[in-house]
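Peer 1: Quick one: structure below, then a few questions.
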Amino acid sequence: MSKAPVTVIGLGPMGARMAAVFLENGRPTTVWNRTASKAAPLAERGATLAATPADALAASELIVISQTDYKAMYDSLGGETHALKGRVLANLSSGSPDELRRAGEWASGHGAELLTGGIMVPPPAIGTPGSYVFYSGHEATLDRHRETLRELGDPTFVGMDAGLSMLYYQAQLYLFWSTLTAYMHGLALLGTAGVSAERFHPFVIRSMATLAEDGPAGYVRAITDDVVSGRSRGDDNTLLMQAIGADHIVEASREAGLDTEGPAALRDLFWRAVDRGHGDEGLSSVIEVIRAPAR
Ligand code: NDP
């Protein structure tokens with residue numbers, strides 16, 4: 001049985017790789033991009049080039065969109081809304097949850113359905129076993145197109161609220177960016193003392209393993225348990241002790257002539273939690289300030 005066709009709109013590094021993966025899987029694939037020249041390598045591999053966004057919409061029921069943001073979707077399809085009826089837009093672009101919710105209403109207002117998605121891998125990993133995508137919208141719609149979307153990565157349904165896929169995506173991205181930025185800060189700090197990145201690297205791997213360990217010694221596990229139980233214990237290491245330690249990271253960075261804003265933001269967060277009376281509790285009490293920044 002022949003495979004269901006798919007259209008890909010947006011051929012940046014992500015969209016181009018998605019279209020290539022569909023083609024590698026033998027799926028009839030139509031592509032459209034604002035800058036048409038980016039479609040040429042895909043046409044050589046068998047993709048059909050749509051001349052207009054309306055042609056792209058007409059070619060398949062499932063339209064996978066991968067663009068810089070949601071504004072790009074309106075710029076591309078806003079003049080072609082007559083062609084949206086009956087289409088399923090799986091938009092894997094970045095945006096804010098409210099933007100995604102508004103986009104869901106916009107799509108249904110034109111007789112289309114929006115599945116929002118947050119794809120958790122960079123271009124080369126699309127379609128490989130570790131790839132996965134958070135989706136929200138109607139699960140039955142996702143199920144109808146699961147076979148096609150599975151070719152990009154494991155489709156992981158997270159709920160009906162159109163904004164939810166992006167919340168998962170952003171929660172993961174914040175973890176990713178803040179961890180790697182902290183690593184770079186560490187490299188810069190040690191670099192001022194002549195310590196090479198290669199020398200520091202194995203220690204970071206060791207810390208990451210302890211953070212991720214899914215047993216009693218694991219820090220992510222411990223924070224999870226505290227947040228679930230609603231109790232933050234500072235028996236072995238109080239938040240006050242850690243806020244003072246955070247002061248010292250800012251001071252060390254200043255002495256080394258580095259940018260202090262990242263460590264200072266962390267330090268300030270810790271001290272706001274101490275000032276609210278959490279000094280004798282544990283690190284997990286910081287979530288109270290994150291949840292309610294101003295009283
Ligand atoms: P970009 O974010 O740079 O997106 C480029 C695509 O968006 C191009 O097709 C570009 O068209 C199109 N575009 C931008 N603005 C408009 C507009 N106003 N009208 C029409 N088309 C527009 O590159 P990526 O491919 O890397 O990312 C795509 C999405 O995937 C982003 O939302 C990103 O956050 C997300 N993402 C990216 C990852 C990555 O590692 N790259 C990983 C996970 C998610 P044109 O070619 O004409 O400029």
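The values are calculated or read from the model by the stated rules, or taken from the named source; none is laboratory data. Owing to the predicted nature of the structure, the values given are computational and were not obtained by experimental measurement. FYI the Cβ positions are ideal-geometry reconstructions off the backbone, even for glycines, and counts take in every protein chain you see.
Peer 1: Please determine whether any residue of the stretch 165-180 is within 25 Å of the chain's Cα centre (by Cα), farther than 30 Å from residue 98 by Cα and in contact (Cβ under 8 Å) with a residue 40 or more places away in the chain.
Peer 2: The answer is no; no qualifying residue exists.
Peer 1: Return the residues of the stretch 20-47 that are within 16 Å of the ligand (Cβ to nearest atom) and in contact (Cβ under 8 Å) with a residue 40 or more places away in the chain; say none if nothing qualifies.
Peer 2: Passing the criteria: 21, 22, 32, 34.
Peer 1: Which one of the conditions (1) of a type outside the set (A, V, I, L, M); (2) within 16 Å of the ligand (Cβ to nearest atom); (3) at positive phi does residue 117 fail to meet, given that it meets all the rest?
Peer 2: All conditions are met except number (3).
Peer 1: Another question, then. For the stretch 99-136, what are the residues that are more than 12 Å from the chain's Cα centre (by Cα) and farther than 19 Å from residue 81 by Cβ?
Peer 2: Selection gives 123, 124, 125, 126, 127, 128, 129, 130, 131, 136.
Peer 1: Moving to a separate point now. Just checking, how many residues over the stretch 24-60 are of a type outside the set (D, E, K, R), surrounded by fewer than 20 Cβ atoms within 10 Å (Cβ to Cβ) and more than 19 Å from residue 122 (Cβ to Cβ)?
Peer 2: Qualifying residue count for the region: 16.
Peer 1: Now a separate question. Would you mind telling me which numbered condition in (1) modelled with pLDDT of 95 or more; (2) more than 9 Å from the ligand (Cβ to nearest atom) residue 11 fails?
Peer 2: Only one criterion in (1) modelled with pLDDT of 95 or more; (2) more than 9 Å from the ligand (Cβ to nearest atom) is unmet by residue 11, namely (2).
Peer 1: Moving on. Does the stretch 90-113 hold any residues that are in contact with a His (Cβ under 9 Å, 6 or more places away or on another chain) and within 15 Å of the ligand (Cβ to nearest atom), and which are they?
Peer 2: Residue satisfying the conditions is 90 alone.
Peer 1: Quick one: would you say residue 141 is assigned to a helix (DSSP H, G or I), of a type in the set (Ser, Thr, Tyr), touching a Leu at 6+ places or on another chain (Cβ under 9 Å) and over 30 Å from residue 8 (Cα atoms)?
Peer 2: No.
Peer 1: Same structure, new question: Of these, 130, 137, 109, 86, which one is at positive phi, surrounded by fewer than 22 Cβ atoms within 10 Å (Cβ to Cβ) and assigned by TED's automatic domain parsing to the domain that holds residue 11?
Peer 2: Of the residues listed, the single one that is at positive phi, surrounded by fewer than 22 Cβ atoms within 10 Å (Cβ to Cβ) and assigned by TED's automatic domain parsing to the domain that holds residue 11 is 86.
Peer 1: Contact list please: Cβ distance under 7 Å, first residue in the stretch 244-260 and of a type in the set (S, T, N, Q), second residue surrounded by 12 or more Cβ atoms within 10 Å (Cβ to Cβ) and not in a helix (DSSP H, G or I), pairs at least six apart or on different chains.
Peer 2: Going by the 7 Å Cβ cut-off, the qualifying pairs are 253/260.
Peer 1: Continuing with the same structure: Looking at 72, 54, which is the one that is within 16 Å of the ligand (Cβ to nearest atom) and within 26 Å of residue 168 (Cβ to Cβ)?
Peer 2: Result of the check over 72, 54: 72.
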